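Okay, so here's the structure we're looking at.
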Amino acid sequence: MHKYKYASGLREVLTSFTKRVLLLLVFSVKSVIPSTTMTRQVCLITVFLLLMSMWSSLAQNNTGNTSTLTETQTQLVYVLQQLMKNDHSLATQLGLLVMAANNTQEIPAAQAHVNPLLNLLLKSLGDMLKNPTPPVTTNNINGSQPPPMGQSQAPPSGQNNLLDTLTQSAVLRELMALVTKQIIEGQQQAKQGNISVDSPLMFIHPLPLVQQLLASMPARTAVPLKPSGLVSDVCYNDVMTTFDSLVAMKKWAVDMIDATGKPNAGLQRGSFYFLGSYDQCYQIKPEIKAGDVIGGVNVTSSRSFSTKFCRANIPIPDSFVESLHVDTHGIRLKLIMGLCVPETCHSADMEGLFKLDAIKRLNIPVESVHCYDEKDLSADKSAIAAICVLSVFGFLVVCGTFVDVIRRHQSGDRNPEMAAVAAKYTPNRETNEYANITKNGQDNVNKENASNDKIYVNGFPPDFMPHKESYKGLSTIPNGDMMSTEKHINGDTINPRVQNGGVSKSENRQSKPRQGILERAVVCFSLYSNVPKILHAASGAGAVNCIHGIRFLSLTWVMIGHTFNYGIISQDETFTADNLLDFVPYYQRFTYQAVIGGGFAVDTFFVLSGFLVTWLQLKEMHKRNKCALGDWIMYYFHRFWRLTPIYMMVLMTFGCLYQYMGSGPFWPSKLWSAEHCKTVWWTNLLYVNNLVSTDAQCMGHTWYLADDMQYYVITPIFLALMYIKPLLGALSTLLLLCVGIGITYWKEHDVSGNFFSMKSDGGRYWKEVYTVPWCRVGCWAIGMLLGLLICKRGNKPIKNRALVLTGWMAAAGAALAIIYSPYGENKDGGEVWTPTQRAFYEGFGRPAWGLCIAWVIFACHTGCGGIINSLLSWNGLIPLSRLTYAAYLVHPIVMEVYFSSRRTLFHVNDYSIIYLFLGHFGMTYMVSFVVSLMFEAPAMGLEKVLFRPSRKS
């Protein structure tokens with residue numbers, strides 16, 4: 001009776017379990033089962049449990065009627081049918097199972113080499129199979145008819161029977177032994193405690209059972225090193241030891257699993273990076289002590305190893321991407337999982353681990369694995385060279401500052417930027433009166449005696465502000481260039497005596513020793529001199545002051561657009577956002593079109609550069625009344641010297657030192673925009689990186705500098721024509737504008753791309769339309785025409801107020817139409833533009849934008865800007881304007897380093913983007929200030945020392 005009560009409880013458990021997993025099994029067994037011994041044994045065990053469930057279901061009917069199958073039983077028969085279809089040898093084994101059922105005698109355990117529990121299960125199965133299985137109806141099984149269960153073919157010669165197959169399974173034998181032990185111990189405890197037991201299976205505890213089963217089977221047995229050669233022995237042993245230690249519940253092994261990535265919420269919104277804990281992984285110190293039992297083996301000697309973080313990339317099936325119903329615009333979606341592994345494993349080892357037979361059966365299509373190996377700076381020659389060069393510049397800055405401070409202290413000089421202003425309020429030593437500045441350059445005498453009730457401290461009145469808006473001491477030239485201090489303050493000429501701090505030039509020459517060229521060159525690196533030059537909030541007389549505001553706001557616009565791109569979308573290897581797919585509703589919003597339109601800010605830079613070079617050069621040519629060859633040589637040299645030193649230093653630092661700037665789970669294995677700098681840097685040096693090696697660009701955002709330099713090279717042709725025949729020069733420039741529009745229309749009609757197609761079209765829009773000079777020359781031409789107009793007309797105000805109002809309304813309306821017209825296509829359900837529409841927008845939109853900017857400059861310079869001119873000309877924007885070139889160079893690097901160094905996923909929403917932009921903005925300008933002090937300002941000073949010796953520093 002005890003035996004049958006035991007079997008009844010087992011039937012209840014098996015029935016409850018198999019009914020829960022049945023539906024999953026029905027649809028999963030349709031795939032072909034690999035013909036391996038281990039897999040076949042697993043399938044036989046599964047079939048064994050399913051047949052037990054059928055038997056228990058039939059036994060519970062109590063009617064004894066077996067002519068009708070329940071839905072569950074029908075599904076079970078369907079599973080058996082599919083198994084036998086896919087593996088004929090399995091069908092043979094099932095036939096042997098039916099034949100074995102004819103033996104009604106109890107099989108002795110010793111004879112079967114199994115424990116009593118397995119023997120009981122087999123005998124119960126035989127009892128069930130004595131009755132033939134009725135036919136199966138076609139309902140709910142797709143018309144499939146299983147073969148009669150009572151019929152089977154004779155086993156082939158030498159074929160093992162089912163009993164032998166099951167008893168050969170080490171896993172099954174161990175499982176049965178553990179289950180039997182738990183039941184026996186539970187019955188003994190129940191008997192001692194006088195506890196009534198309905199079913200002995202209540203003593204089975206699954207979690208300890210699984211743990212004991214895993215502990216009894218080393219990981220090397222479950223995952224053998226087959227095929228060999230895919231994983232290094234040391235990595236394989238450490239990984240298997242980690243698994244065995246996890247089963248043994250060693251804390252360090254549990255910590256490694258804790259540091260490994262796990263599925264996140266929000267998969268359907270783009271949370272595809274199972275991040276893990278990067279820092280926790282590196283803090284773990286695995287240690288195996290002597291005497292520990294790991295994988296069923298008693299460890300005899302202690303050992304320890306370190307850990308590292310790896311990243312596994314798993315491609316997401318196209319079917320899942322399609323189910324999301326979003327347009328990824330060519331961004332390839334993939335699942336990324338962080339792994340904490342032993343330090344002895346490298347990327348190739350981890351890739352090989354996923355190709356082992358035992359793991360490969362899990363059908364996990366791991367595409368690649370990247371492990372963060374320790375970076376060896378001492379073996380990186382390019383990094384060492386870059387550090388040496390930067391050290392030389394740092395040494396020059398320290399020396400230049402020291403020499404400058406000592407020199408000024410010995411000569412009693414004040415900061416030259418403030419000397420002239422201080423002198424204005426310094427009493428004349430002979431007359432005790434104050435010097436004033438007049439337009440004719442003569443000193444006026446302040447009739448008030450110095451003994452009045454006003455007290456002057458160090459030559460300044462109490463209410464004096466050093467950066468008063470009326471003071472204009474410095475002027476700038478294109479792209480934020482710093483020029484030498486002007487000799488004009490508020491349009492007035494400074495008295496030579498006042499200009500030198502109240503000391504005449506002859507007195508000054510007698511009191512100052514003559515400086516050598518080497519000393520002057522070193523002083524060019526002085527922070528004491530360069531910091532005031534950059535931060536000085538004033539512009540020179542006659543300058544177009546609104547340009548400072550336009551330049552600064554344009555760079556800000558570029559940075560807003562890049563905030564959404566660099567580090568979030570631009571990352572090829574990792575996704576840094578946990579809601580990546582929410583970008584789709586973002587660009588569908590009306591307000592977001594202003595962010596998309598940030599590309600027009602680059603056209604604004606082209607207008608500014610074209611205007612300034614034309615205006616300044618024509619003024620100089622008319623002033624000298626000649627156009628000598630030497631002037632044109634210096635014209636090209638100045639431009640190259642102005643842009644290149646800081647450009648090449650940033651490029652060198654980025655290309656050689658980027659991988660040492662940070663670390664983290666998002667840090668790319670190869671940032672190609674930096675890696676390419678080591679091989680194609682010469683294209684940047686020659687300013688042809690927009691035309692040569694466009695598939696391997698270094699610092700891709702510097703395509704603008706290449707375009708700008710190429711326009712600068714051809715501009716003298718048009719300047720010469722404007723100088724000789726202004727009308728002919730204007731017509732030739734207008735022809736250049738028309739040619740640019742025509743070529744842009746033609747190329748865009750062929751490519752039919754935009755910002756969102758840059759990844760899906762293989763980069764055609766980027767390489768053939770967006771960055772090439774002939775498609776962006778229109779705004780440069782408009783800038784040159786504006787420079788010619790202002791050079792000829794000056795700043796005479798427009799008297800016709802109606803014309804001014806019409807100009808402002810037309811410019812504002814056109815600018816808004818250019819920015820927001822793509823909303824018709826980008827909005828949800830919007831109509832896709834035709835190639836003709838795209839070509840028209842690309843060909844005419846940028847020149848139209850250039851005309852809008854040209855009007856703003858013209859109106860502000862002629863006194864028709866009103867409050868707009870006041871805002872754009874605010875002196876507080878001048879220092880920021882001087883830093884725009886350095887900020888343009890470094891801001892993508894700042895963004896990339898920040899996102900690559902993050903430890904958590906970024907959630908995209910309006911507030912987080914605003915905070916992110918403000919952080920990028922602040923960090924960019926801090927870095928650009930340092931970069932400008934070290935490279936840009938010294939380069940401009942050296943040009944004056946080495947190539948303009950007549951001008952004293």
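Numerical summary
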quantity: Pair THR180, LEU735: separation of 7 Å Cα→Cβ label points (nm); calculated: 10.2
quantity: Loop-located GluC sites (Glu not before Pro) in the stretch 824-915 whose Cβ has at most 10 other Cβ within 10 Å (DSSP); calculated: GLU831
quantity: Projected label distance in nm at ALA379 and VAL692, using a 7 Å step from Cα toward the beta-carbon; calculated: 3.3
quantity: For the stretch 885-951 and the stretch 207-285, distance of Cα centres in Å; calculated: 42
quantity: Gain upon complete extension [TYR915, LYS262; 0.36 nm per residue less C-alpha separation]; calculated: 232.3 nm
quantity: Convex hull volume per residue in cubic angstrom - Cα atoms of the stretch 858-953; calculated: 165
quantity: Packing rank of 744-754, 675-685, where each peptide gets the mean count of other beta carbons within 10 Å, highest leading; calculated: 744-754, 675-685
quantity: Gain upon complete extension [LYS285, SER901; 0.36 nm per residue less C-alpha separation]; calculated: 219.5 nm
quantity: Highest-first arrangement of 877-884, 940-947, 242-249, where packing means the average Cβ count within 10 Å; calculated: 877-884, 242-249, 940-947
quantity: Total formal charge among the other residues, if their Cβ is under 15 angstrom from that of SER382, Lys/Arg +1 and Asp/Glu -1; calculated: +1
quantity: Solvent accessible area, Å² - VAL321, 1.4 Å probe, full protein context; calculated: 30
quantity: Ranking by accessible area, most exposed first, for ASP258, ASP582 with a 1.4 Å probe; calculated: ASP258, ASP582
quantity: Where only alpha carbons of the stretch 609-710 are counted, the Rg and the Dmax (Å); calculated: 17.9, 63
quantity: Estimated distance in nm for a label pair at GLU620 and GLU322, the labels positioned 7 Å out from Cα along Cα-to-Cβ; calculated: 6.3
quantity: Listed residue pairs exceeding 22 Å between alpha carbons, taken from LYS533/LYS796; LYS375/LYS678; LYS251/LYS289; calculated: LYS533/LYS796
quantity: Residue (of PRO263, PHE274, SER304) at the positive-pole extreme of the stretch 239-324, dipole from beta-carbon charges; calculated: SER304
quantity: Probe 1.4 Å, accessible area per residue of the stretch 551-666, Å²; calculated: 33
quantity: FRET E, pair THR556, ALA810, Förster distance 22 Å, beta-carbon r, rounded to 0.05; calculated: 0.35
quantity: Point-charge dipole on Cβ atoms (K/R +1, D/E -1) for the stretch 273-407, about Cα centre, debye to 20; calculated: 200
quantity: Interatomic Cα distance distribution for the stretch 243-368, bins of 10 angstrom, percent; calculated: 12, 33, 33, 15, 5, 2
quantity: Cα pair distances of the stretch 733-824 binned at 5 Å [whole percent]; calculated: 2, 12, 13, 16, 20, 15, 10, 7, 4, 2, 0
quantity: Heavy-atom accessible surface of the stretch 890-946: percent carbon and sulfur, 1.4 Å; calculated: 77
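The values are calculated or read from the model by the stated rules, or taken from the named source; none is laboratory data. This one's a predicted model, so the numbers in the text were calculated from it and none came from an experiment. Methodologically, a virtual Cβ is constructed for each residue, glycine included, from the backbone with ideal geometry; neighbour enumeration extends over all protein chains shown. All accessible areas refer to the heavy atoms of the entire protein, side chains included, with ligands and DNA or RNA removed. Shrake-Rupley method; radii C 1.70, N 1.55, O 1.52, S 1.80 Å.
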